[in-house]
Amino acid sequence: MGDPSQLTRSRETRCDSCTRITPSYDIVNYGSIEGGYRHLCSQCFNKEVAEMAGLTGFENAKFEPVGLVDSTGEVHEFHFRTHLFGTGVALDAFELCGGHPAGYKFQIIGDPEEDLLVLLGRLIEKMRRALSTKHLTDGEHGLQIAEQRVVRGRIEWDDASDGRVPLLVIDGREIGWDEFGRMLMSFEGWQFKLSIADKSEEL
Ligand SMILES: [Zn+2]
């Protein structure tokens, strides 16, 4: 249990401020290498940042999970996390698999003085837009790039390759680099355009 990697992978951590047992995805390691880290839950972290930045208008909010349906009728359950940083507030939505964020992930950045419920509304609109499209379809030769020939996804770390090549998350599902390469080979000789954007940007 002394292995620090075990610690960061555990599902729950005690907040060093309010002492509540908190899911690990909702914990921020706050501090520095020299001074040491404190494990703070999002609520306590936001409170400290708000005090430091002199933000009096910031309302800490904890949102309950929301279920959204994708274009095939499958329900995706999203959890939310709010993090305040100097000039803005980041609202994240993510699915959980075995207690860890996986699948679809979304983020929106707003003004910390703005009503967080309004920000949540904008994030949910963005999620609905994304869930209404599938970029991959199951064809006779396995998974294929869908008719509109546009793929949006996320670049993630792949343990299986030690991070040498990415693991892609497309339509909320994990796609290996080789598998994606195989899908591209249906378009041998065609051109493509690759555009990379921060997770809070609209693609
Ligand atoms: Zn706390």
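The values are calculated or read from the model by the stated rules, or taken from the named source; none is laboratory data. Source: prediction; values computed, not measured. Every residue, glycine among them, receives a Cβ derived from its backbone with ideal geometry; neighbour counts consider all protein chains shown. These area figures cover heavy atoms from the full protein model, side chains too; ligands, DNA and RNA do not enter into them. Shrake-Rupley method; radii C 1.70, N 1.55, O 1.52, S 1.80 Å.
Here the label points at residue 51 and residue 24, each 7 Å from Cα along the C-beta direction, are separated by 2.8 nm in the simple model. Between residue 174 and residue 115, the C-beta separation translates, for a Förster distance of 30 Å, into a calculated FRET efficiency of about 0.30. Is the shape of segment 144-202 best called rounded, prolate or oblate, per the rule: a/c under 1.5 gives rounded, else a/b larger than b/c gives prolate, else oblate, with a ≥ b ≥ c the square roots of the Cα gyration tensor eigenvalues? Since a/c reaches 1.5 but b/c is at least a/b, the shape of segment 144-202 is classed as oblate. Across all Cα pairs in segment 1-98, the calculated P(r) in 10 Å bins from zero up to the longest distance comes to 14, 39, 31, 13, 2 percent per bin.
Just how large is the dipole of segment 136-187 about the Cα centre, in debye to the nearest 20, putting +1 at every Lys and Arg Cβ and -1 at every Asp and Glu Cβ? Intermediate values should be presented prior to the final figure.
On the way: 6 positive and 11 negative charges, 52 e Å.
That gives segment 136-187 a dipole magnitude of about 240 debye.
Checking every one of the GluC sites (Glu not before Pro) in segment 139-203 against DSSP loop status and a limit of 15 other Cβ atoms within 10 Å picks out 140, 147, 188, 201, 202.
Springs between alpha-carbon pairs under 10 angstrom, Gaussian network model over the chain: which of 17, 32, 42 fluctuates most? Top of the fluctuation ranking is 32. Are there DSSP H segments in the chain that both extend 20 Å or more along their axis (alpha-carbon positions) and score a mean Kyte-Doolittle hydropathy of at least 0.5? List them, or say none. For the chain, where a helix must reach 20 Å along its axis and average at least 0.5, the hits are 116-131. Using the Cα coordinates of the chain, the gyration tensor eigenvalues translate into equivalent-ellipsoid semi-axes of 34, 21, 16 Å, sorted from longest to shortest. Pairs of Cα atoms nearer than 8 Å and 6+ residues apart set the relative contact order; for segment 136-187 it is 26 percent.
The local environment of residue 176, defined by Cβ-Cβ distances under 13 Å, has a net charge of -3 under the rule Lys, Arg +1 and Asp, Glu -1.
With every protein chain in place and a 1.4 angstrom probe, the accessible-area ranking of 141, 135, largest first, reads 141, 135.
Number of Lys-Lys pairs in the chain with C-alpha atoms under 18 Å apart and a separation of 8 or more places or on different chains: 7.
What part of the accessible area of the chain, given as a whole %, is carbon or sulfur when the probe is 1.4 angstrom? Of the solvent-accessible surface of the chain, carbon and sulfur hold 52 percent. The residues of the chain expose on average 64 square angstrom of accessible surface per residue, using a 1.4 Å probe on protein heavy atoms.
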